[in-house]
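The values are calculated or read from the model by the stated rules, or taken from the named source; none is laboratory data. Note that the structure is predicted; figures quoted are calculated from it, not measured. Glycine also receives a Cβ, built like all others from the backbone with ideal geometry; neighbour counts cover every protein chain displayed.
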């Protein structure tokens with residue numbers, strides 16, 4: 001089955017700096033890669049996703065890149081703000097597959 | 001659209017009791033997924049259901065856990081004879097085709 005690894009497990013940045021979270025996956029058949037943000041005590045919320053026919057996708061301060069050859073994908077947050085502080089999860093699946101395989105999460109702290 | 005609705009938000013059970021967790025998917029969504037999240041950990045897939053069918057239960061413990069998604073009504077995750085190790089947040093997600101949206105979860109505490 002699919003195995004998703006995520007690094008780092010914790011990340012602290014100064015407000016205004018950039019944050020990068022990286023994930024690798026094992027199953028070359030995976031072609032859908034969403035990212036979720038989870039604030040303390042709340043549900044995971046989809047913030048951005050990318051499919052395997054695209055190498056990069058951007059939405060305001062958030063971007064995701066995908067390297068299918070190397071089987072890794074990354075989340076980039078620019079101009080970080082304190083409200084970006086949360087746990088971020090990457091995931092991978094095959095389109096139409098039964099479930100998402102999640103990484104173990106990255107706790108991002110943005111220091112004002 | 002009210003989103004994925006889960007209830008109760010918090011559930012306390014004594015060891016040996018039964019826990020029933022409910023999930024109403026978003027309108028128009030026929031796929032339901034259950035995930036478990038232990039404190040400070042990621043989300044672990046448990047089961048995937050469509051109406052009246054269990055499609056994939058490879059993440060479900062072999063004993064005490066069951067799930068259903070009847071033709072009418074919410075999906076139910078049932079845990080019999082709960083133990084302390086069952087204490088976790090249980091999230092339900094629904095989708096029309098494969099990119100799930102999560103509910104607010106049920107936090108189960110076993111005392």
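Taking the residues in the stretch B:16-37 that are modelled with pLDDT under 90 and away from chain A (no Cβ under 11 Å) as candidates, determine which candidate is surrounded by the most Cβ atoms within 10 Å (Cβ to Cβ). Don't jump to the end; show me each part of the working.
Within the stretch B:16-37, the first condition is being modelled with pLDDT under 90, and the residues that meet it are B:27-31.
Pick out the ones that are also away from chain A (no Cβ under 11 Å) and you get B:27-30.
Values: B:27: 9, B:28: 8, B:29: 17, B:30: 13.
Only one residue fits best here, namely B:29.
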Legend entry - Matching entry among A:83, A:39, A:56 (being away from chain B (no Cβ under 11 Å) and at pLDDT 95 or above): A:83
Legend entry - Subset of the stretch A:56-102 [assigned to a helix (DSSP H, G or I) and under 14 Å from the mean Cα position of the chain (by Cα)]: A:84
Inset, instruction - For residues that are more than 7 Å from chain A (Cβ to nearest Cβ) and assigned to a strand (DSSP E or B), tally how many sit in the stretch B:38-47. - result: 3
Inset, instruction - Please enumerate the residues belonging to the stretch A:1-24 that are modelled with pLDDT under 95 and surrounded by 16 or more Cβ atoms within 10 Å (Cβ to Cβ). - result: A:2, A:4
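Test residue B:50 against the criterion of being within 14 Å of chain A (Cβ to nearest Cβ) and under 19 Å from residue A:38 (Cα atoms), and give yes or no. Walk me through how you get there before you give the answer.
On the way: within 14 Å of chain A (Cβ to nearest Cβ): yes; under 19 Å from residue A:38 (Cα atoms): no.
So residue B:50 fails the test.
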